[in-house]
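Report on the structure given below.
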Amino acid sequence: MSGADRWTSTSMPYVTPRAEGQGDAWAEEAAARGREGTQRILFAGEVPAAEEPAALLGLAAGEPVVVRRRIIELDGRPCELTDTYYPVGIARGTPLAATAKIRGGAAALLARLGHTGSRVIEDVTAGLPTPEERDRLELASGQPVLRLARQILDARDRPIQADLMTMPAHDQRLRYEMRIG
């Protein structure tokens, strides 16, 4: 992908609750650029937390969490793998634990459930994909990926969501905009 075609990704639309009646943030962002953004939910439900998502949620490894595993697609091609984790006390028995699409997105549902994000922490690293990631992202051998780990905390600094994302490095540009003071 040339520099002009590289996708520039910002996090704010995905961590901010959407207004009632608004559609999917990814589909709208892609459509605004004349593209089609979709996602496939591979799994949703309770699992024992692996070390990284457990740490992001302030839990011990092995404690139960709710996870939504998705393949994000752009124009019908995989462009990101995203696993989103929630504490069971927030997500058990809600649409977050099911494979159906969530109207208005997860951030809006969390807000309706009384859990609004106040602070977001993101760490980005680069490396080579696992064989499974390479296959799911349809990458050639040796192509690197970016890994983004996101922690969303409420106003009391309690973790309410953790995201682990993997995306082809050659297709991405990450943009961060911050207001100070």
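The values are calculated or read from the model by the stated rules, or taken from the named source; none is laboratory data. All figures in this text were calculated on a predicted structure; none of them were measured in a lab. Cβ: placed from backbone, ideal geometry, glycine included. Neighbour counts: every protein chain shown.
Numbers for the structure displayed
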quantity	calculated
Hits in region 126-181 (condition: part of a loop (DSSP other than H, G, I, E, B) and either of a type in the set (D, E) or touching a residue at least 60 places away in the same chain (Cβ under 8 Å) (or both))	E138, D154, D157, R158, R175, Y176, E177
So A100, is it surrounded by fewer than 12 Cβ atoms within 10 Å (Cβ to Cβ) and hydrophobic (A, V, I, L, M, F, W, C)	yes
Number of the exception - T166 against (1) surrounded by fewer than 12 Cβ atoms within 10 Å (Cβ to Cβ); (2) in contact with a Ser or Thr (Cβ under 9 Å, 6 or more places away or on another chain)	(1)
Any hit, region 113-123, residues being in contact (Cβ under 8 Å) with a residue 12 or more places away in the chain, within 15 Å of the chain's Cα centre (by Cα) and in a loop (DSSP other than H, G, I, E, B)	yes
Count of residues meeting criterion [closer than 24 Å to D157 by Cα, of a type in the set (A, V, I, L, M, F, W, C) and surrounded by fewer than 19 Cβ atoms within 10 Å (Cβ to Cβ)] in region 60-87	2
Selection status of G93, assigned to a helix (DSSP H, G or I), surrounded by fewer than 19 Cβ atoms within 10 Å (Cβ to Cβ) and at pLDDT 95 or above	no
